[in-house]
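Below is one structure, written out as structure tokens; the observations come after it.
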Amino acid sequence: MALICGALFFGMVGMAYASVPLYKAFCQLTGFDGTIRKAEAAPDQVLDQMLTIRFDANVRELPWTFTAEQTSQTIKIGQTGLAYFKVTNNGTKPITGRAVYNVVPESAGAYFQKLECFCFSDQTIPAGQTIEFPVVYFVDPEYAKDFETKTKGEVTLSYTFFPAVGGGAEAKAAQAAPSKHPSALGGTARAGL
């Protein structure tokens with residue numbers, strides 16, 4: 001009986017520690033709660049239906065200025081879009097932050113996917129520097145078939161930068177050097193990949 005109780009106790013403690021990464025993986029896999037999924041490739045189909053994508057940028061507990069270079073874009077469903085965001089570190093030392101992202105309406109989260117994004121890893125911004133980050137995204141054509149989303153003509157992509165926890169091996173120093181890889185739109189990204 002003591003062994004069963006001990007195994008149950010340690011199993012519950014282990015599940016408590018595993019719940020956050022498991023929930024995050026579940027949300028990214030399914031798009032649950034408006035979480036955006038990382039895509040491997042853009043869709044082959046582009047619909048004639050237009051969709052307005054609005055961009056929101058926020059900062060919490062960091063001496064940073066974070067803005068979207070465009071307030072909105074109108075794209076066709078299935079078309080690859082490219083948006084730019086600027087981050088300025090107003091502090092006196094390099095700081096590492098992590099962008100948390102979300103989509104509104106939440107039902108669009110299953111269809112809004114990103115090919116490239118600064119939010120996939122921690123970003124270290126040198127003191128006094130301004131870095132421009134691209135986001136390459138698309139809305140899956142299945143969006144137009146879902147009864148919860150097919151009448152929605154607007155989606156808001158929101159980012160909030162928080163101080164990074166740890167920063168270890170995942171931290172990525174943001175620099176203004178061009179990417180080695182061409183973007184999904186045929187050019188090279190301007191910075192921050």
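The values are calculated or read from the model by the stated rules, or taken from the named source; none is laboratory data. It should be emphasised that the depicted structure is a prediction, and the values quoted were computed from it without experimental measurement. Cβ sites come from the backbone with ideal geometry, for glycine too, and all protein chains shown count toward neighbours. Ligands, DNA and RNA are excluded from the accessible area calculation, which covers all protein heavy atoms including side chains. Shrake-Rupley method; radii C 1.70, N 1.55, O 1.52, S 1.80 Å.
Some observations on this one:
- Accessible area of the stretch 39-116 belonging to carbon and sulfur atoms, whole % at 1.4 Å probe: 45 percent
- In this simple spin-label approximation, SER72 and LEU8 carry label points 7 Å from Cα along the Cα→Cβ vector, and these lie 5.6 nm apart.
- For the stretch 79-155, alpha-carbon Rg relative to the globular expectation (2.2 N^0.38 Å, N residues): 1.37
- Values of log10 I(q)/I(0), in the order q = 0.18, 0.24 Å⁻¹, for the stretch 66-112 under a Debye, Cα-only, solvent-free model: -0.80, -1.11
- With 0.36 nm allotted per residue and the present C-alpha distance subtracted, the SER121-ASP44 stretch has 25.0 nm of extension available.
- Approximate spin-label separation LYS150-ALA16, in nm, with each point projected 7 Å along Cα-to-Cβ: 4.7 nm
- Sequence-distant residues sharing a close amide H with TRP64 (under 5 Å, placed H): ASN90
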